[in-house]
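Novice: Before I ask anything, here is the structure I am working with.
Bear in mind these aren't lab numbers, they're just calculated from the coordinates by the rules spelled out. None of the values given here were measured: they were computed from a predicted structure. Here the Cβ positions follow ideal geometry from the backbone for every residue, glycine too, while neighbour counts run over all protein chains shown.
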Amino acid sequence: MTRVLGIETSCDETAASVVERGADGQPRILSSVVLSQIEEHAAFGGVVPEIAARAHVEALDGVIEAALMEAGVTLDEVDAIAATAGPGLIGGLIVGVTMAKAIAAAKNKPFLPINHLEGHALTARLTDHVDFPFLLLLVSGGHTQILHVAGLGKYERWGTTIDDALGEAFDKTAKLLSLPYPGGPNVEKAAAQGDPKRFAFPRPMKGEARLDFSFSGLKTAVRRAATELAPLSQQDIADICASFQKAVTETLSDRVARSLERFQTLHPEIAEPHLVVAGGVAANQAIRTELDRLCREHGFTLIAPPMKLCGDNAAMIAWVAVEQLDAGLAEPDSMAFAPRPRW
Ligand code: KG4
Ligand code: ZN
């Protein structure tokens with residue numbers, strides 16, 4: 001049995017969780033506490049790093065305590081302490097890593113520095129027991145990547161964004177339209193009332209052989225439409241959101257279809273290949289529906305972790321640590337490991 005306390009403080013969520021792989025080999029989330037700072041940042045229309053760092057300092061103690069209590073375990077009953085060590089906002093990373101190291105030192109347990117993206121990448125193994133290798137579409141506020149996940153610690157990047165991340169494109173579109181922060185869910189909500197055909201926004205990179213993404217041209221097109229129409233009616237806003245979401249979904253679809261084909265060429269032996277979608281944008285229903293359609297068409301199974309594990313959380317961090325410990329792959333000399341804002 002391997003049981004880990006995980007801590008996540010890389011952006012605007014203060015989170016702690018206890019996760020274990022039981023004696024039966026099954027992963028279990030004993031607790032997952034996520035305290036969002038959305039209210040603190042809403043007035044600024046985005047995450048303010050200084051405010052985030054201070055809020056993590058204030059909240060982390062209580063969040064860890066709540067996670068232990070909910071799990072019904074004490075610090076003596078966990079095997080290791082893990083924390084997100086990057087990539088992310090340096091202030092928050094320092095808060096989480098310092099706390100984890102302090103607990104580890106006090107309790108004489110190992111500390112594991114975890115890569116936030118690896119957390120998103122392996123969530124599907126925690127929730128859906130997906131076997132290696134699989135194809136991963138990671139779409140969050142800071143990242144848009146297609147990864148070939150060959151095994152634990154074996155990640156091959158097939159495509160990435162050359163400018164904005166997809167979540168960022170949603171957030172910027174929301175800001176342009178004066179929709180409240182966080183943008184993604186609000187754009188999706190507005191889009192549901194809109195006409196996706198009203199605006200012919202570009203489909204950047206569509207049809208290109210390399211698997212990269214680009215979203216800044218789309219953002220410019222949205223800005224132009226919004227400026228030309230100002231002042232915007234509710235319907236204008238809904239139509240822009242719907243047209244934007246349609247453009248994004250089609251672009252994504254084109255890139256993913258190519259990736260599925262590439263994966264199949266590489267792994268003809270896998271009868272039931274998996275596409276895993278992770279990161280905050282994976283909460284978007286229109287995107288999920290399109291990915292599901294694509295997967296069916298190509299003979300893939302789409303795995304999308306439950307909504308609350310798509311966004312930032314600490315269960316995914318604790319889980320990577322469990323996998324590393326069980327595989328004997330934990331970072332040696334981890335107490336000297338410094339947070340890496342870019343990792
Ligand atoms: O993974 P995440 O919680 O944080 C990191 O960036 O690591 O992702 C947050 C991003 C934000 O940009 C947010 O606007 C976007 O995910 N997002 C969505 C939706 N829910 C969250 N984007 C589109 N549709 C949604 N329903
Ligand atoms: Zn994230």
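Novice: For region 141-307: lysine pairs with Cα atoms under 30 Å, gap of 8 or more or different chains, count?
Specialist: 21
Novice: Next question, about the same structure. What ranking, highest mean first, results for peptides 327-334, 57-64, 307-314 when packing means the other Cβ atoms within 10 Å averaged over each residue?
Specialist: Ranked from most to least packed, the peptides come out as 307-314, 57-64, 327-334.
Novice: Quote to one decimal, in nm, the extra length available between residue 193 and residue 206 on full extension: 0.36 nm per residue of separation minus the C-alpha distance between them.
Specialist: 2.1 nm
Novice: Counting DSSP beta bridges with both partners in the chain, what percentage is antiparallel, nearest 5?
Specialist: Once the DSSP bridges in the chain are tallied, antiparallel ones form about 60 percent.
Novice: Report, to the nearest 10°, how far helix 234-266 tilts away from the longest principal axis of the Cα atoms in the chain, using its own Cα long axis and a range of 0 to 90°.
Specialist: Result, in degrees: 60.
Novice: Moving on. At 0.36 nm per residue, minus the direct Cα-Cα distance, what do residue 131 and residue 28 gain on full extension? Give it in nm, one decimal, please.
Specialist: Between residue 131 and residue 28, full extension yields an extra 35.4 nm.
Novice: Sticking with this structure for a sec: Angle check, please: helix 49-71 long axis (alpha carbons) against the longest principal axis of the chain (alpha carbons), in degrees 0 to 90, nearest 10.
Specialist: 60
Novice: Another question, if that's okay. Over the chain, calculate the relative contact order: mean separation of alpha carbon pairs under 8 Å at least 6 apart, over the residue count, as a percent.
Specialist: 23
Novice: Now for a different question. Could you tell me the calculated FRET efficiency between residue 75 and residue 1, based on Cβ-Cβ distance and R0 = 25 angstrom, to the nearest 0.05?
Specialist: It comes out at approximately 0.95.
Novice: What ranking, highest mean first, results for peptides 73-85, 24-36 when packing means the other Cβ atoms within 10 Å averaged over each residue?
Specialist: 73-85, 24-36
Novice: Fewest to most neighbouring Cβ within 10 Å: what's the order for 298, 56? Don't skip to the answer; put the middle values down first.
Specialist: Details: 298 16, 56 29.
By the 10 Å Cβ count, ascending, the order reads 298, 56.
Novice: May I pose another question? Specify the angular offset, from 0 to 90 degrees and rounded to the nearest 10, of the alpha carbon long axis of helix 90-107 from the longest principal axis of the alpha carbons in the chain.
Specialist: Compared with the principal axis, the helix lies near 20 degrees.
Novice: Can you check what the net charge comes to around residue 212, using other residues whose Cβ is under 15 Å from the Cβ of residue 212 (Lys, Arg +1; Asp, Glu -1)?
Specialist: Around residue 212, the charge tally is +2.
Novice: Let me know the shape class of region 189-252, please: from the alpha-carbon gyration tensor, a ≥ b ≥ c as square roots of the eigenvalues, rounded when a/c is under 1.5, otherwise prolate if a/b is greater than b/c, or oblate.
Specialist: Judged from the Cα gyration tensor, region 189-252 comes out prolate (a/c at least 1.5, a/b above b/c).
Novice: Using helices alone, I'd like the mean residue ellipticity at 222 nm for the chain: each DSSP H run of four-plus residues gives -39500 (n - 2.57), total over residue count, nearest 500.
Specialist: Estimated from H runs of four or more residues: -15000 deg cm²/dmol.
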